Structure formats: C-alpha cells, structure tokens
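Single-structure report; data block below.
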C-alpha cells in the first residue's frame, strides 16, 4: 500500500490553487482505533482528509486547524485536528452507527450526519483563534467544506473526498482533491474546471485504477499548465501524553480533585483521538493537588 501524502500545485499561471491527497492508511488507522462502521469510516475519513487539505494554508509549525461537524443525525459530532505538517487525528461520537446505502448505492454519510453546522477553527498562535461557521449544506462533508470556503472566505472552491469501503468494512482506498480559484479568474477557466470535475470518475475509482494525487490533478488541470509546489506526508498522529492528561486534571481545580479522590480510589482518563487510557491513583492525584 502506497504511503499517504498530499501534493500542492498551481495551474493556469497561478489562477488555480490545487491540492491532491491520498489518505488510505490514515483512514484505516482511524477505523482500527475507533472500531468504525462503514458509514462512520466514510464520515470520519472524509473529515480527516478535508482537514488535511485545508491544513495546507497553515504557515507556522505550531499552527493547527480544527474541523468540527455538529449534526442531528445518528453519527453525532465529528472532531478532527490537523497541523501544519498534515498530521491528522479525529473521532466521531457514535462510531458504530451504520445506515443502509442511499439511492445511488453509496454510503449514506449525509443521513448519518443530518442537519447542523460546520466549524473551522484556526489556531495561528494569536491571542484568539479564528473561528468560521456555516450551516451544513448536505452533510456529505466535501460539499460542506466547499460551501464554507465560498461563504466564509469568499473563495470559489471545489472539494471532492472519497472513502471506498469493502463488504467486510475494510478501507480499500481514500483520497481527494481541493481546487480554489484566485481573484480575477475568467469565466472560461471556471467553465473548464466545472466540465472537468463533472466528467471525471469518482476519486476512489481513479485511485483503484492506479492514479496518484498528482495524476488526478493533471487529469483536472493538465491542459492549463500544472506546477507542483511540494509534497507532504500525511499521518494519523495523536499528541496526547500523561503530562497533558495531568494538566487536564489540574484544570479541574483542587475542590473537584478532592471530590474525585473521595468518590473513587483511582481516576482513569481516556484520549478521544487514540483511545489511550491513563490511570491515576490516589497518590498521583495528591501530588497534583
């Protein structure tokens, strides 16, 4: 299995920004950690990929981007974090939820998520993070991210995200692309991109045929002169640690910690992103107090 990575590119003399990604291993890792159903695999997988594509706008090493989807469907909320190196981690509230296929015979992610909103939070090392919010358009995630970019950032955007799951629930492949038009793009370029996007096969079909992210970007924009700017590995990588969990417990305050010690002998915390458990006994909590 090829390693996960994304490529950044421009085309049409810089009038189009493009990112293509392969995320099969990261999504398979998420499925393994969270015991995801096929529907949840597609939902969280698309979200991980979307965050990785958006993370290419981050400049600083310590900058991060959080994608939150809060819908009223049975999957519940999705939270994904990506850093400037395209490391991703995330979780879905109800990972075991699986729905019948939709009318097109595809995993019904939209019904799983339902109606709600999408938050994009960018921590750029300033006093306050930048927070943008839009209502969900379809719950299919790719369309919702494209709408966010067009509405909140005023940038016409195309986002295509795909996760292919087999009959046994295994992740066959996962990938996607992200195209943005720069200010001043003419109507002929817009029409060209629309026609290309509508005429090519789904991303997962292209990956099954052996195409890589750069091949897909060339398929879309090759006639407009593609320049590859860089390549970045994508990994499912959690940043939790015992020290971080200690800081979380300290943030509860002395009163709450005393109460917890009185109620139970040991305190166990668990990371949402990787499910690692951390056990703190009475002596440990005493030291924190």
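The values are calculated or read from the model by the stated rules, or taken from the named source; none is laboratory data. Quick caveat, the model's predicted, so the values are computed rather than measured. Positions of Cβ are backbone-derived with ideal geometry, glycine not excepted, and every protein chain shown enters the neighbour counts.
Within segment 246-289, can you find the residues that are under 24 Å from the mean Cα position of the chain (by Cα), under 27 Å from residue 61 (Cβ atoms) and free of Cβ contacts under 8 Å to residues at least 40 places away in the same chain?
Hits for segment 246-289 are 271, 276.
Among the residues of segment 22-35, is any part of a strand (DSSP E or B), assigned by TED's automatic domain parsing to the domain that holds residue 203 and over 20 Å from residue 120 (Cα atoms)? Outline the logic, then answer.
Of segment 22-35, the ones part of a strand (DSSP E or B) are 22.
Filter once more, so that each one left must be assigned by TED's automatic domain parsing to the domain that holds residue 203: 22.
Next, from what is left, pick out any that are over 20 Å from residue 120 (Cα atoms): 22.
For segment 22-35, residues part of a strand (DSSP E or B), assigned by TED's automatic domain parsing to the domain that holds residue 203 and over 20 Å from residue 120 (Cα atoms): present.
Among 39, 56, which is farther than 16 Å from residue 176 by Cβ, in contact (Cβ under 8 Å) with a residue 24 or more places away in the chain and part of a helix (DSSP H, G or I)? Let's see the steps before the verdict.
Numbers: 56 fails: farther than 16 Å from residue 176 by Cβ.
Going through 39, 56 in turn, the sole match is 39.
Counting only residues that are assigned by TED's automatic domain parsing to the domain that holds residue 178 and closer than 26 Å to residue 25 by Cα, give me the strands (runs of 3 or more DSSP E) lying completely in segment 81-143 with at least 1 of them.
Numbers: elements: 87-92, 116-123, 130-135.
Strands (runs of 3 or more DSSP E) meeting the threshold: 87-92, 116-123.
Say we look at segment 36-75 and pick out the residues that are out of contact with any strand residue (DSSP E or B) (no Cβ under 9 Å at 6 or more places or on another chain) and farther than 20 Å from residue 110 by Cα; which of these is modelled with the highest pLDDT?
59
Have a look at 160, 205 and point out the one that is farther than 20 Å from residue 58 by Cβ and part of a strand (DSSP E or B).
Numbers: 205 fails: part of a strand (DSSP E or B).
Criteria check complete, one pass: 160.
Name the one entry in 180, 154 that is more than 30 Å from residue 37 (Cα to Cα) and without any contact (Cβ under 8 Å) to a residue 12 or more places away in the chain. Give the derivation first.
On the way: 180 fails: without any contact (Cβ under 8 Å) to a residue 12 or more places away in the chain.
That would be 154, the only listed residue that is more than 30 Å from residue 37 (Cα to Cα) and without any contact (Cβ under 8 Å) to a residue 12 or more places away in the chain.
Applying the selection to segment 236-289, what residues are part of a strand (DSSP E or B) and surrounded by fewer than 17 Cβ atoms within 10 Å (Cβ to Cβ)?
Let us first name the residues in segment 236-289 that are part of a strand (DSSP E or B), namely 236, 267-270, 277-280.
268, 269, 270, 277, 279, listed by residue number.
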